Amino acid sequence: MTVELIRLEIAVPIEDPTRRGSLYGPTDRNLRLIRAAFDIRVSARDNTIRISGTSENVQRAAKVIESLQRSLRFRPELDESQVEDAILEASRDSAAMGERPIDVFLPSTSITPRGDGQREYIQGMREQDLTFCLGPAGTGKTYLAVAVSISLLKQQKIKRVVLVRPAVEAGEKLGYLPGDLQAKVNPYLRPLFDAMHDMMTFDQLKRFMQNDIIEVVPLAFMRGRTLNNAAIILDEAQNATVPQMLMFLTRLGNHAKMIVTGDDSQSDLSRGEASGFIDAVRKLEGTPGISVVRLTQHDIVRHPLVQRIVEAYGRPVPGI
């Protein structure tokens, strides 16, 4: 029996044309590594990289290029090890693990869990209406919450996404900051915006925000609302007080999902003030319809040094 492989050609836009040289690498080294890894054809012209080959390998190669472009937002150059790491990650056979990728608006972006902890987290968000996720920095708490919410929006299972964060650094007194409400809360919600930029185009995000399909709001402004047909994400929830957490959780309306993420080892609350996040997990864990997921340093997916830093800070220091 002859198996016919489906072939595909796609064009991946270059995010920042001024960084083409860094993306391609010296003498197009990075593109050659990608081509050899996936047995595909790669051509770069103007502000587009065209990839052709079998459908599966083309999608993996596109995922590598998107990953490298995200890396270039924060560093001037890419070294060979970073390219190889991106190729290795894209080469993981998620289909063999029985995982279905999180479907977002950018067709070249494929988001799958990295490890059992993230797999449990995604399953909890898909199956339950309220999910708590605890874990250290770099474990994908915020990123995966945004991805699942954007996927639900794309599938029209919800009508909007509401992004919420406590503005603890300003003592919730946002009036002292310059600009309108959007300008005031932007610094607190930057990580959420960064995640969304990986999942949709800038024009899509701008249009969704103008039409209130995607809404950003500080926790203090949630009082009195009921949110139906929405995905509501509370990020950095360890900085919410007990009354604020109760207020937030009772905003959940019909046909809605709520995701609450935080690092229970950190808090910017005043000394002696109880974290509403930790309090809520203690009170609600085991309640039907609620999922509680704990991620650890083994689930960290940022730079490998982040995991070592988290581990080092968790060890007692001699003499102290």
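The values are calculated or read from the model by the stated rules, or taken from the named source; none is laboratory data. It should be emphasised that the depicted structure is a prediction, and the values quoted were computed from it without experimental measurement. Cβ atoms come from the backbone with ideal geometry, glycine included; neighbour counts cover every protein chain shown.
Which residues, taken from segment 13-72, are out of contact with any Leu (no Cβ under 7 Å at 6 or more places or on another chain), part of a strand (DSSP E or B), free of Cβ contacts under 8 Å to residues at least 40 places away in the same chain and not charged (D, E, K, R)?
Pro13, Ser43, Thr48, Ile49
Of all residues in segment 267-283, count the ones that are surrounded by 15 or more Cβ atoms within 10 Å (Cβ to Cβ) and not acidic (Asp, Glu).
First pass over segment 267-283, keeping only residues surrounded by 15 or more Cβ atoms within 10 Å (Cβ to Cβ): 267, 269, 275-281.
Among the residues that remain, those that are also not acidic (Asp, Glu) are: 267, 269, 275-278, 280-281.
Count: 8.
If you check Ala237 against the conditions, is it outside the structural domain of Gln69 (by TED's automatic domain parsing), more than 14 Å from Val161 (Cβ to Cβ) and under 17 Å from the mean Cα position of the chain (by Cα)? Break it down stepwise before answering.
Working: outside the structural domain of Gln69 (by TED's automatic domain parsing): yes; more than 14 Å from Val161 (Cβ to Cβ): yes; under 17 Å from the mean Cα position of the chain (by Cα): yes.
Criteria met by Ala237.
Is there any pair with a first residue in segment 242-259 that is more than 13 Å from Asp129 (Cα to Cα) and a second that is assigned to a strand (DSSP E or B) whose Cβ atoms are under 6 Å apart and which are 6 or more apart or on different chains, and what are they?
Phe248/Leu234
Give me the residue from segment 107-118 that is in a helix (DSSP H, G or I) and crowded, with 17+ Cβ neighbours inside 10 Å and, out of that set, farthest from the chain's Cα centre (by Cα).
Selected residue: Gly117.
Can you tell me which residues in segment 234-276 are of a type outside the set (A, V, I, L, M), closer than 21 Å to Arg190 by Cα and in a helix (DSSP H, G or I)? Show your work before the answer.
Residues of segment 234-276 that are of a type outside the set (A, V, I, L, M), as a first pass: 235-236, 238-239, 241, 243-244, 248, 250-251, 253-255, 257, 261-268, 270-273, 275-276.
If we keep only those that are closer than 21 Å to Arg190 by Cα too, we end up with 235-236, 238-239, 248, 261-264, 266-268.
Hits for segment 234-276 are Gln238, Asn239, Phe248.
Which ones in segment 216-231 are surrounded by 16 or more Cβ atoms within 10 Å (Cβ to Cβ) and not in a helix (DSSP H, G or I)?
Val216, Val217, Pro218, Met222, Leu227, Ala230, Ala231
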